[in-house]
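I have placed the structure first, in the form of structure tokens, so that the comments after it can refer back to it.
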Amino acid sequence: NLTKINFDDNRLLKLEPNLFKKLINLELLTFKNNFISYLEEDFINSDSSRLETIEFGINSLEIIKNNTFKSIRNSLLSLSLENNQIKDFEINSFEKLSMLRSLILSFNQISFLRLGLFNDLTNLIYLNLEENNLEQIKYNT
């Protein structure tokens with residue numbers, strides 16, 4: 001019946017695949033202030049359709065790969081990736097995250113946004129790109 005897990009302020013370097021597979025009632029995962037530099041494809045790989053919030057603020061992430069959030073795309077409402085080292089996103093990083101309402105990407109090293117990157121975020125209400133290295137924004141990003 002576990003619904004919330006807080007791993008904030010630890011020394012985590014990576015997350016093993018299938019770590020949360022059996023936690024079907026999980027709603028919140030937070031990993032703020034760790035040393036995570038990479039997320040495996042579909043790292044959650046959960047049977048949970050309830051996971052709504054993931055927080056990865058203050059880590060060492062550099063890139064968000066395709067299908068990172070694949071198994072929770074129908075439940076994820078809020079994703080926080082602020083204060084990392086993110087420079088790039090693969091084109092389908094946010095593919096089919098149509099339920100996502102809040103995406104926080106502030107305080108990273110993002111210098112450009114790929115065309116179509118946010119196309120599937122049809123319910124997005126809040127997008128924060130504060131304090132990045134953006135030089136231009138293209139139509140249909």
Q: Take Ile125 and decide whether it is hydrophobic (A, V, I, L, M, F, W, C), farther than 23 Å from Glu41 by Cβ and open to solvent by 30 Å² or more (accessible area, probe 1.4 Å).
A: yes
Q. In region 100-113, how many are surrounded by fewer than 17 Cβ atoms within 10 Å (Cβ to Cβ) and under 20 Å from Arg73 (Cα atoms)?
A. 2
Q: Specify the residue that is surrounded by the fewest Cβ atoms within 10 Å (Cβ to Cβ); the eligible residues are those in region 79-99 that are closer than 14 Å to Asn119 by Cα and under 10 Å from the mean Cα position of the chain (by Cα).
A: Ser93
Q) Between residues in region 10-35 that are more than 16 Å from Ser60 (Cβ to Cβ) and of a type in the set (Lys, Arg) and residues that are assigned to a loop (DSSP other than H, G, I, E, B) and open to solvent by less than 70 Å² (accessible area, probe 1.4 Å), which pairs lie under 6 Å by C-beta distance while being six or more apart or on different chains? A) Lys21/Asn45; Lys21/Ser46
Q. What are the residue pairs meeting all of these: first residue in region 107-129, first residue in contact (Cβ under 8 Å) with a residue 24 or more places away in the chain and within 18 Å of Ile86 (Cα to Cα), second residue open to solvent by less than 50 Å² (accessible area, probe 1.4 Å) and outside any loop (DSSP other than H, G, I, E, B), Cβ atoms under 7 Å, and 6 or more apart or on different chains?
A. Arg114/Phe89; Leu117/Phe89; Leu127/Leu103; Asn128/Ile104
Q) Out of all the residues in region 62-73, is one or more at pLDDT 95 or above, small (Gly, Ala, Ser) and under 14 Å from the mean Cα position of the chain (by Cα)? A) no
Q.
Quick check on region 4-21. Is at least one of its residues of a type outside the set (Asp, Glu), closer than 21 Å to Glu130 by Cβ and open to solvent by 40 Å² or more (accessible area, probe 1.4 Å)?
A. no
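The values are calculated or read from the model by the stated rules, or taken from the named source; none is laboratory data. Computed from a predicted structure; not experimentally measured. Neighbour counts run over all protein chains shown; Cβ positions are idealised from the backbone, glycine included. Note: accessible area is taken over every heavy atom of the protein model, side chains too, but ligands, DNA and RNA are not part of it. Shrake-Rupley method; radii C 1.70, N 1.55, O 1.52, S 1.80 Å.
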